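For reference, the structure is listed below as structure tokens.
Derivation of every value follows stated rules applied to the coordinates shown; laboratory data play no part. Only a predicted model underlies this, so the values are computations on that prediction, with no experimental measurement involved. Here Cβ is always computed from backbone atoms with ideal geometry, including for glycine, and neighbour counts include all displayed protein chains.
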Amino acid sequence: MLEPHVCAAAQRVAGLNTASIDRNFQEAASSEISQTPDMQIKLTSIMVDDQSKALRFYTDVLGFKKKHDIPVGLYRWITVTGDGRDDLELALEPNANPAGKAFQEAMFAQGIPVASFEVTDIRAEFTRLTSQGVAFTREPASAGPVTIAVFSDPCGNLIQLHQPN
């Protein structure tokens, strides 16, 4: 859990009303409310500039499996899963929302990966993906308890690979 002063500092940078947020944080931290043992992450998403291109890349190149591809108006609800992990999905969200697109572009410009995928052999994955034309912005390098590498997907994101050391 973050300390109240850490949250308040981040909120001040974001221009938020820190007095009421600090009070809410203190009330929540002192209450009996807590995470239930049943709460799990089952779905997360990344913004993409082209859903069809993203689906091809995340399945054909990275090796994920398509779970859902459902038309929803102008866009599609597309999710992929890792091999053998049907219970955890990555949604390929269209970046049509101006706020989402601005976030995606800012993260890319600052060199910050929007997702991290664990691999068992990062050097083998680096070689495999490089041979398929994937552009890495950071080659595998030790970073404390993990070895990491970062590549650019064709949809406007930096993605990190990590392998526990």
Segment V146-T81, length gained on full extension (0.36 nm per residue, minus Cα span): 21.1 nm
Distance from region 106-165 to region 52-102 (C-alpha centre basis), Å: 19
Candidates per chymotrypsin sites (Phe, Trp or Tyr not before Pro) in region 38-118, loop by DSSP, up to 14 other Cβ within 10 Å: none
Value of D in µm² per second that Stokes-Einstein yields for region 78-130, Kirkwood Rh from Cα pairs, at 20 °C (1.002 mPa s): 158
Nonlocal amide H pairs with R138, under 5 Å, H built at 1.01 Å: V150
In nm, spacing of pseudo-spin labels at A109 and H68 (7 Å Cα→C-beta vector): 3.2
For V146, distant residues with modelled amide H under 5 Å away: N165
Measure of compaction for region 108-165 (Cα Rg per 2.2 N^0.38 Å): 1.03
Net charge of neighbours whose Cβ lies under 15 Å from the Cβ of C155, counting Lys and Arg as +1 and Asp and Glu as -1: -2
Value of D in µm² per second that Stokes-Einstein yields for region 62-158, Kirkwood Rh from Cα pairs, at 4 °C (1.567 mPa s): 86
Links that overshoot a 18 Å alpha carbon limit, given the list K66/K101; K42/K65; K53/K101; K42/K67: K66/K101
HN-Hα J in Hz across region 91-107 - Karplus 6.51, -1.76, 1.60, θ = phi - 60°, x for Gly and Pro: 8, 9, 8, x, 8, 5, 6, x, 5, x, 5, 4, 4, 4, 5, 5, 4
Amide H partners (placed H, <5 Å) of S45, local residues excluded: A91
